[in-house]
Amino acid sequence: MTASWTHPRVREIDLRHLAELLAFALRPGDAVALRGDLGAGKSTLARAIIRAIVGDDALEVPSPTFSLVQIYDSPRFPIAHFDLYRLGSAEEARELGLDEQIAHGVALIEWPERAEELLPSDRIEVTLEEAPDLDPSERRIVIEGLGAADPRVARLKAISEFLNRSGWSDARLIYLQGDASARRFARLKRDGNSAILMDAPRQPDGPPIRDGKPYSRIAHLAEDIRPWVAVTRALRQAGLSAPEIYTHDFAAGLLLVEDLGDDVFGPAVHQGADQAELWRAAVDVLLHLREQGVPNFPPLEDGFTHTLPRYDQQALQIEVELLLDWYWPALKGSPAPDTTRAEYLALWDAIFDELLKLPTGWILRDYHSPNLLWMPHRKGLQRVGILDCQDALEGPVAYDLVSLLQDARIEVPESLERQLYRHYCQTVAAREPDFDQATFDFAYAALGAQRNTKILGIFARLSRRDGKNGYLRHIPRIWRYLERDLAHPKLLPLKKWFEANFPIDNRALPGSG
């Protein structure tokens with residue numbers, strides 16, 4: 001069944017909000033057919049959508065009546081605005097590059113009936129209607145999702161209804177660029193106040209790949225928003241700066257949360273913030289979490305009780321297999337031989353056996369610059385905002401420290417890594433008389449090797465499967481971190497395996513520098 005979403009009385013002020021919702025939903029490959037009579041407001045809606053995507057309310061957006069097509073760049077994707085009214089045939093639309101624009105960006109198409117046969121079957125249809133029962137300034141607007149666009153229009157309707165229930169339906173909605181996550185975010189602004197919309201529908205498990213389980217179940221990845229809510233509340237209870245949760249819809253996977261600002265660690269450093277100050281503050285947060293121990297989570301409003309999964313052998317192993325599953329074929333053009341895979345996994349199994357004997361604590365798992373905000377207007381530990389924590393685990397606490405000090409997205413100089421590592425260990429040793437420095441050194445190196453190996457596989461997957469080639473620029477940094485980790489004496493056999501199979505002059509993927 002095709003999703004149909006009707007807005008019976010849309011005024012100009014409502015049109016902007018509708019355009020912002022549509023802009024939030026669009027992604028490369030989308031075609032939006034804008035239907036309606038002359039003067040119905042198709043160009044007005046298209047103009048509002050373009051401005052919302054580009055993020056510039058003052059952007060000049062002329063009607064393409066005479067030029068037939070106008071192209072706009074945006075941080076997200078290119079946008080092509082077509083007006084096909086003056087065309088005599090669909091072939092003329094093809095000559096304008098309609099197919100190519102849809103393939104590489106988003107196409108907003110006025111008078112789509114002039115090239116009906118060229119329209120993709122998966123598209124969003126927007127019909128603007130005038131009616132005798134409406135004021136001349138009002139329109140009835142019907143939005144439909146055809147084919148693969150059907151669930152996305154249904155999702156937009158659910159978001160709109162959630163905002164209505166939450167009292168934020170009249171707010172500006174501004175798309176926020178995310179990272180590799182499937183979740184999407186928008187900033188809501190109204191009367192000097194702001195909030196963050198988190199759009200996080202339950203993610204399907206995918207096909208079983210081992211022992212009847214999908215990857216997400218084996219790797220202990222959160223599949224809906226409940227773990228995020230539970231862990232975020234626990235962080236706040238521990239006195240840390242995680243977002244306050246204003247309202248939620250667990251079934252729909254929608255949240256409205258506190259807006260902690262835009263000063264993400266990486267961009268903050270590029271804009272002049274002192275990296276050493278930020279990273280030391282983040283290390284102090286980890287020292288505080290180490291003292292807290294594994295939390296007991298109270299039940300959520302729907303009765304769900306969260307328990308931190310253990311970072312077990314299966315999770316550790318399936319993550320390092322990403323290197324063989326994605327990086328190896330991307331580099332070498334063929335799958336890893338079975339004997340090579342078996343040798344690789346046997347080396348890791350011996351390392352995991354040692355790691356799983358270690359004391360455990362609370363680890364956030366993705367504790368690195370994209371998920372940390374700098375808030376110098378707050379005091380002490382609360383200067384560090386923590387965003388992404390739904391995949392938290394119980395495991396060796398060195399994991400979060402290495403994810404911070406060997407940050408995948410921004411260079412952490414080796415001298416700073418050593419300085420902050422020393423600060424962490426000295427602080428723990430002063431608090432815990434039985435702290436074993438040598439064991440922690442091994443855990444840090446082994447978990448760093450595991451994490452960096454996983455990231456190499458993930459970045460190769462993002463490039464090959466998802467077309468997100470921007471992650472390739474980080475790969476040389478990941479190899480440098482991995483070399484530091486493999487220098488630990490207990491990792492010598494694994495180091496030799498990497499040297500044999502990924503020699504230093506033959507390890508960079510095309511485009512990774």
Ranking 275, 237, 299 by how far each Cα lies towards the positive end of the charge dipole of the stretch 208-308 (+1 on Lys and Arg Cβ, -1 on Asp and Glu Cβ), the top one is 299
Whole-Hz ³J(HN,Hα) for each residue in the stretch 43-49, computed from phi via Karplus 6.51 cos²θ - 1.76 cosθ + 1.60 with θ = phi - 60°, x for glycine and proline: what do you get? 5, 4, 5, 4, 4, 5, 5
Here, trypsin sites (Lys or Arg not before Pro) of the stretch 40-95 satisfying both criteria (DSSP loop; at most 14 other Cβ within 10 Å) are 86
Taking the highest mean first, how do the peptides 282-294, 130-142, 317-329, 387-399 order by number of other beta carbon atoms within 10 angstrom per residue? 387-399, 317-329, 282-294, 130-142
Are there any chymotrypsin sites (Phe, Trp or Tyr not before Pro) in the stretch 421-513 that are in a DSSP loop and have at most 16 other Cβ atoms within 10 Å? List them by number. 435
From the P(r) of the chain, could you give the percentage of C-alpha pairs in the tail past 41 Å? 30 percent
Rounded to the nearest Å, the spacing of the alpha-carbon centers of the stretch 131-177 and the stretch 62-124 is 23 Å
By average Cβ neighbour count within 10 Å, what is the ranking of 236-243, 341-348 from highest down? 236-243, 341-348
About its Cα centre, how strong a charge dipole does the chain have in debye, to the nearest 20, once Lys and Arg get +1 and Asp and Glu get -1 at the Cβ? 980 debye
About its Cα centre, the stretch 356-478 carries a charge dipole, from +1 on Lys and Arg Cβ atoms and -1 on Asp and Glu Cβ atoms, whose size in debye to the nearest 20 is 520 debye
At 222 nm, what value in deg cm²/dmol follows for the chain if DSSP H runs of at least 4 each add -39500 (n - 2.57) and the sum is divided by all its residues, to the nearest 500? -12500 deg cm²/dmol
Mind listing which GluC sites (Glu not before Pro) in the stretch 1-109 are in a DSSP loop and have 15 or fewer other Cβ atoms within 10 Å? 60
Along Cα→Cβ, 7 Å out, is where each label goes; now give me the distance between the ones at residue 164 and residue 287 in nm to one decimal. 5.2 nm
Would you mind checking 357/490; 213/454; 332/454; 357/454; 332/496; 42/189 for any pair whose Cα atoms are more than 24 angstrom apart? 42/189
Under 1.5 on a/c is rounded, so check that first for the stretch 260-373, then, if it is not, pick prolate when a/b is larger than b/c and oblate when it is not; a ≥ b ≥ c are the square roots of the alpha carbon gyration tensor eigenvalues. oblate
In debye, nearest 20: dipole of the stretch 292-433 around its Cα centre with unit charges on the Cβ of K, R (+) and D, E (-)? 720 debye
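Values quoted throughout were computed directly from the atomic coordinates according to the rules given, and no laboratory measurement underlies them. These figures come from a predicted structure and were not determined experimentally. Glycine also receives a Cβ, built like all others from the backbone with ideal geometry; neighbour counts cover every protein chain displayed.
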